[in-house]
1. For the chain, just the Cα set please: Rg and Dmax, both in angstrom.
2. Kindly express, to the nearest 10 degrees and within the range 0 to 90, the angle between helix 137-153's C-alpha long axis and the longest C-alpha principal axis of the chain.
3. In square angstrom, what is the accessible area per residue of the chain with a 1.4 angstrom probe?
4. Accessible area, 1.4 Å probe, largest first: how do Ile155, Ile234 sort?
5. Of Lys345/Lys366; Lys265/Lys291; Lys265/Lys390; Lys348/Lys390; Lys171/Lys378, which sit over 19 Å apart, Cα to Cα?
6. Any idea how far apart Leu368 and His58 come out in nm if each label point goes 7 Å out from Cα toward Cβ?
7. Where in the chain is the longest stretch that carries no GluC sites (Glu not before Pro) classed as loop by DSSP and with at most 15 other Cβ atoms within 10 Å?
8. Identify which of Leu261, Leu387, Leu211 has the largest mean-square fluctuation in a Gaussian network model of the chain, with springs joining Cα atoms closer than 10 Å.
Amino acid sequence: APPECPFCGEAAGRELEEHVRARHGHLLGAPGAGNGEQLYECPMCSLTCTNIQILEEHVDLHLEEHSFSEGGNIRDLELAQRLQTEEDERQRSEEEKREREEFKKLQRQYGLDNSGGFKQQFLRNMEREVDRGRMQPFEYHKRKADMMESLASGIDDGKTKTSGVIEALCKYYQNENKDVRRVWLSAGVDHFHSSLGDRGWGCGYRNFQMLLSSLLQNSFYNDCLRDTTLIPSIPKIQSMIEDAWREGFDPHGASHFNNRLHGSKAWIGACEIYSLLTSLRIKCQIIDFHKPTGPMGTHPRLFEWILHYYSTDHEGGAKVVCTSKPPIYLQHQGHSRTVVGIEEKKNKSLCLLLFDPGCSSQEMQKLLKQSSDGIGLKLLRKFVGSLKEKQYQIVAVNGVLSLEEKA
């Protein structure tokens, strides 16, 4: 191909030098000083060349370098984009792994990890007791047989139950003359505590058993409880909640548990208790105390609501009021208890009386022989300054639903 002009790219052939001088002479350098040699200046870097061929080769180098630089920039950009994509994928993978681990941790914490339920935990804990020498093999087999019978019948074995505490409290307060102005007590409530089969997760179920024990002693609820005449076992309660879900109660809560409780160690709360009671045609309400209403993170409005619950229809009169009111289910993050009464002190301060499923029957039975100094009541008493969780929920029973109201 004929040589091209490095300035305009036009094919100039053998006349390149004349072409450059004629067309682009203004871009070239002046003649060499003192020797008459023509000099050619590179239009890209101002380098001076002695003839047109050298200038052409020099300019070609510039063009090749420019082309290489362009390609290099593209390759650098592609590399940077690839590295960024790999980093984004790595971070996304780590985040997904972290979320899976957190989810599994929550599943374990709330008993939804398919590790078995009441029966499996009961047997594992008894085997551990035998291994440690705390239980004889014959006792293991006897308790296993009792447990299997309880599961088959759906009736609680009563081994964690303490009865008569409310009656003992009523007798104590009749003779108490120190600082209690008035006290209101629920209708008779049996205390149930966690066993080897539900330790660590069974508080909600045990509180339902306490509430039900009071309802079963109240003839007002006979009609809606005619199919539930004895206290059900925890696996039975799980099945009863599943039945309530199948009826259509609390579909959002049911989906949280994948519509299954039986055979798991799933924690339950106020919504499950509400659904179960409503399915039994027991009228109740959930009240949220979603933030503190007093100084230092306290909840005086919770105490006032409970006082109003017990004192309605019982204004004035006796110092000790044994009401017909069922106990109240009290929930906070991680635990639940049962309110069985409330004290009003002479200084007008309030004190709740709580049954805690975490309290053993040995401790509760001490209240049956309550001494006149009331020391044993420390197990039950909770003042305003003692309840400082961020949020509380209560489930309070207030009547019976008709079939139409239930529907």
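1. 42.2, 134
2. Helix 137-153 sits roughly 90 degrees off the main axis of the chain.
3. Value for the chain: 55 Å² per residue.
4. Descending accessible area places them as Ile155, Ile234.
5. Result: Lys345/Lys366; Lys265/Lys291; Lys265/Lys390; Lys348/Lys390 exceed 19 Å.
6. Each label point is offset 7 Å from its Cα along the Cβ direction, giving 11.4 nm.
7. That would be 38-314.
8. Leu387
The values are calculated or read from the model by the stated rules, or taken from the named source; none is laboratory data. As the structure is a prediction and not an experimental result, all values here were calculated from the model. Positions of Cβ are backbone-derived with ideal geometry, glycine not excepted, and every protein chain shown enters the neighbour counts. Ligands, DNA and RNA are stripped out before the accessible areas are found, and what is left, the full protein with its side chains, is counted by its heavy atoms. Shrake-Rupley method; radii C 1.70, N 1.55, O 1.52, S 1.80 Å.
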